[in-house]
Amino acid sequence: MKAISVEPKKAGSARLDDVAEPDPREGSVLVEAIAVGVCGTDIEIADGKYGWAPPGKARLVLGHESLGRVLDPGQSSGLRPGDLVAGIVRRPDPVPCPSCAVGEWDMCRNGLYTERGIKQIDGYMSERWRIEPEYAIKVDPSLGILGVLLEPTTVVTKALEHAIAVGTRACHRRRADRTFGGALREPARAGSPRFGPSRVGAQA
């Protein structure tokens, strides 16, 4: 089958390759690719800025924003042939770190995670790919090809969740300061030396 791959950290190495059919060991669900997104991460990998091939391989198949149609659900009871799915990108740290242990793989603290199409696992930019059932997200068919935007949408959603959480904590701190310290000093203000600059951008 055809796939787009690169030699990580080598600029200009991206090419359309003939590769073997996906190995069943990569997952019991066989998927036919419908669409794949190309974002800044893919461009930076193609420019040789970073990226890691799977162990024992010289090249990495690109693609982490995916949409595919299930050809064979394997042993999965939740999927059927013809279902649309998007693949989760990150795989948790095998140690695991405290974040990975509670399912927050995107907040991995040890850096030992792996990622489809980025770090040590081939991506979704091939005619067919396999995936573990627990990493295949069923997509509402009404979305059509827009389903390929599911992965980047989750990134934005996560950023908003963190921004809201940071804002909420700052609000609680201001209330506490007014309640317990108002008689001694004027209310704390965002950006004052006590709080320092806003950290919303950093947290997001």
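Each residue of the range 5-19 was assigned a 3J(HN,Hα) from its phi angle through the Karplus curve 6.51 cos²θ - 1.76 cosθ + 1.60 (θ = phi - 60°); the sequence is 10, 9, 9, x, 6, 10, 4, x, 9, 5, 7, 7, 10, 8, 10 Hz, with glycine and proline shown as x. In summary, the aspartates and glutamates within cross-link reach of Lys138, defined as a Cα separation below 18 angstrom excluding same-chain residues under 8 places away, comprise Glu32, Glu65, Asp72, Asp83, Glu151. Rounded to the nearest 10 square angstrom, Lys119 shows an accessible area of 30 square angstrom against a 1.4 Å probe.
Contour minus end-to-end for Asp140 and Val38, with contour as 0.36 nm per residue of separation and end-to-end as the Cα-Cα distance? Write out the running numbers ahead of the final one.
Numbers: separation 102, 0.36 × 102 = 36.72 nm, distance 2.16 nm.
Result: 34.6 nm gained on full extension.
Annotation: amide H of Ser13 within the under-5 Å range of Glu7, sequence separation 5 or more or interchain, hydrogens built in the peptide plane. Report for the range 36-165 the percent antiparallel among DSSP-assigned beta bridges with both residues inside it, nearest 5. So the antiparallel bridges in the range 36-165 amount to around 75 percent.
Rounded to whole numbers, the Karplus 3J(HN,Hα) couplings from phi for the range 60-66 are 10, 6, 6, x, 10, 9, 10 Hz, using 6.51 cos²θ - 1.76 cosθ + 1.60 with θ = phi - 60°, and x at Gly and Pro.
The values are calculated or read from the model by the stated rules, or taken from the named source; none is laboratory data. For clarity, every value in this text was computed on a predicted model and none was experimentally measured. Quick note on the areas: whole protein, heavy atoms, side chains included, nothing else; ligands and nucleic acids left out. Shrake-Rupley method; radii C 1.70, N 1.55, O 1.52, S 1.80 Å.
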